[in-house]
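The values are calculated or read from the model by the stated rules, or taken from the named source; none is laboratory data. What you are looking at is a predicted structure, and each value in this text was computed from that prediction instead of being measured. A quick note on method: Cβ atoms are made from the backbone with ideal geometry, for glycine too, and the neighbour counts reach across all protein chains shown. Side chains included, ligands, DNA and RNA excluded: accessible areas come from the protein's heavy atoms. Shrake-Rupley method; radii C 1.70, N 1.55, O 1.52, S 1.80 Å.
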Amino acid sequence: MTTEIPAPLGAPGVRRRDRRDWKGWSFVGPFMVVFALVFLTPLAYALYLSFFQEKLIGGTAFVGLDNYVRALTDPQFWEAFGRVLLFLVVQVPIMLLLALGAALALDSARLRGASFFRILIFLPYAVPAVVAVLMWGYIYGDQFGLTSNINDFLGIDAITPFAKEWMLVSIGNIVTWEFVGYNMLIFYSSLKTIPTDMYEAAALDGAGAWRTIFSIKIPSVRGALVIATIFSIIGSFQLFNEPNILRPLAPNVITTFFTPNMYAYNLSFAGQQFNYAATIAIIMGVITAVIAYVVQLRGSTSEVR
């Protein structure tokens, strides 16, 4: 930030050097220090580790891009990546549609007790993630809990949440239950910013409820939808808590490389392969950033149109 010092009267043509004003940095300085320590420094250290490898003879050695080549040809990494990509493609649209529907219902004047239902839908997000997964793990348990009781009552294994073909669906159900309320609040807040003049004009033009939704409300929340989509993409690629906590209940289904984050975690803390784990983390960070940027770019382009 610079401040111009006006020339004194009677001295035309005299120029003085601008004096830099550092007051702004006194406000952003503390944030920049914390940001550098908790974000930039770990990121730089992980990038540094990814270029080295622990050797049996000679200790740590610089290997250049060997870890990246290994990761890009690692079938376990690509299996984990494909699993979270499938999770993203299926779960995120369902979650966002449910959240948008709930927000539209709460915003309509026909729903009674909107405040109560708003709190009720948002409440699961207030439950700590670990507690939520433990609760659903008890419900899913085929030897105990609700699932076991239903199967015993029916006399057959009608519900098997921990089966291999249903595990991703079970995890998706937990994540959807947790985050529908969060995304609903984003959409609901955006709906409340729509000017009432637009609704009045639509009513004068004879637009019904559905026409108002598709012509006014949904286009107006496009920016919020882009933000929620980006957050959901990042959350999907970071999937870790749910499968990691459920793993003791289904060890034969949830492997150590069930998701990329679990793979990096187990490589680091169980396999002591810190350099390769850092490489996996860097690759996933780049992929996540690129996809999120593409979504944001497309959303911004559509909004301009």
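Going by a ≥ b ≥ c, the root eigenvalues of the Cα gyration tensor, does region 80-155 fall in the rounded group (a/c under 1.5), the prolate group (a/b larger than b/c) or the oblate group? Because a/c hits 1.5 or more and a/b fails to exceed b/c, region 80-155 counts as oblate.
Could you work out how much longer the chain between Met135 and Gln76 gets when fully extended? Use 0.36 nm per residue separation minus the Cα distance between them, nm to one decimal.
Values: separation 59, 0.36 × 59 = 21.24 nm, distance 2.95 nm.
My answer for the length gained is 18.3 nm.
Tell me whether region 160-268 comes out rounded, prolate or oblate; compute the Cα gyration tensor, take square roots of the eigenvalues as a ≥ b ≥ c, and use a/c under 1.5 as the rounded threshold. Prolate shape, in that a/c is at least 1.5 and a/b is the bigger ratio.
Using a 10 angstrom Cβ neighbour count of at most 12 plus a DSSP loop assignment to flag exposed GluC sites (Glu not before Pro), which longest range of the chain is free of such sites?
Numbers: sites that count: Glu4, Glu165.
The answer is 5-164.
Here the spin labels are modelled as points 7 Å beyond Cα on the Cα-Cβ line, and at Glu54 and Phe35 they lie 3.4 nm apart.
Tell me the net charge near Ile280. Cut-off is 11 Å between Cβ atoms, Ile280 excluded, with +1 for each Lys or Arg and -1 for each Asp or Glu. Write down the numbers at each step before the final one.
Numbers: positive: Arg70; negative: Asp74.
Here the count lands on 0.
Projecting the Cα positions of Tyr182, Phe35, Gly271 onto the charge dipole of the chain (unit charges on Cβ atoms of Lys, Arg, Asp and Glu, taken about the Cα centre) puts Phe35 furthest along the positive direction. Neighbours of Ile139, meaning other residues whose beta-carbon lies under 15 angstrom from its beta-carbon, give a summed charge of -4 when Lys and Arg score +1 and Asp and Glu score -1. Under the convention that each Lys and Arg Cβ holds +1 and each Asp and Glu Cβ holds -1, the size of the dipole of region 13-122 around its Cα centre is about 840 debye.
Working note: Karplus 6.51/-1.76/1.60 with θ = phi - 60° gives region 117-131 the couplings 5, 5, 5, 4, 6, 7, 4, x, 5, 6, 6, x, 4, 5, 5 Hz, where Gly and Pro are set to x.
Full extension of the chain between Ala109 and Leu204 gives 32.4 nm of extra length, using 0.36 nm per residue less the Cα-Cα distance.
Surface composition of the chain: carbon plus sulfur atoms hold 66% of the accessible area, using a 1.4 angstrom probe and ignoring ligands, DNA and RNA. Met184 contributes about 0 Å² of solvent-accessible surface, heavy atoms of the protein only, 1.4 Å probe.
Name the shape class, rounded, prolate or oblate, that the alpha-carbon gyration tensor gives for the chain, where a ≥ b ≥ c are the square roots of its eigenvalues, rounded holds for a/c under 1.5, and otherwise prolate holds if a/b is larger than b/c and oblate otherwise. In terms of gyration-tensor shape, oblate.
A full extension of the chain between Glu165 and Phe153 corresponds to an added length of 2.0 nm, given 0.36 nm per residue minus the alpha carbon distance.
For region 187-279, the set of trypsin sites (Lys or Arg not before Pro) satisfying both a DSSP loop assignment and a count of at most 11 other C-beta atoms within 10 Å is given as Lys192.
Taken about its Cα centre, the chain carries a charge dipole of about 1080 debye when Lys and Arg each add +1 at the Cβ and Asp and Glu each add -1 at the Cβ.
Couplings for region 150-162, taken from phi via the Karplus curve 6.51 cos²θ - 1.76 cosθ + 1.60 with θ = phi - 60°, read 5, 5, 5, 5, 7, x, 9, 7, 6, 10, 9, x, 8 Hz in order; Gly and Pro are left as x. Note on the chain: with a GNM built from Cα contacts shorter than 10 Å, the maximum mean-square fluctuation among Phe144, Phe31, Phe258 falls on Phe31.
Model label points for Leu85 and Gln238, set 7 angstrom from Cα along the Cα-to-Cβ axis, are 2.2 nm apart.
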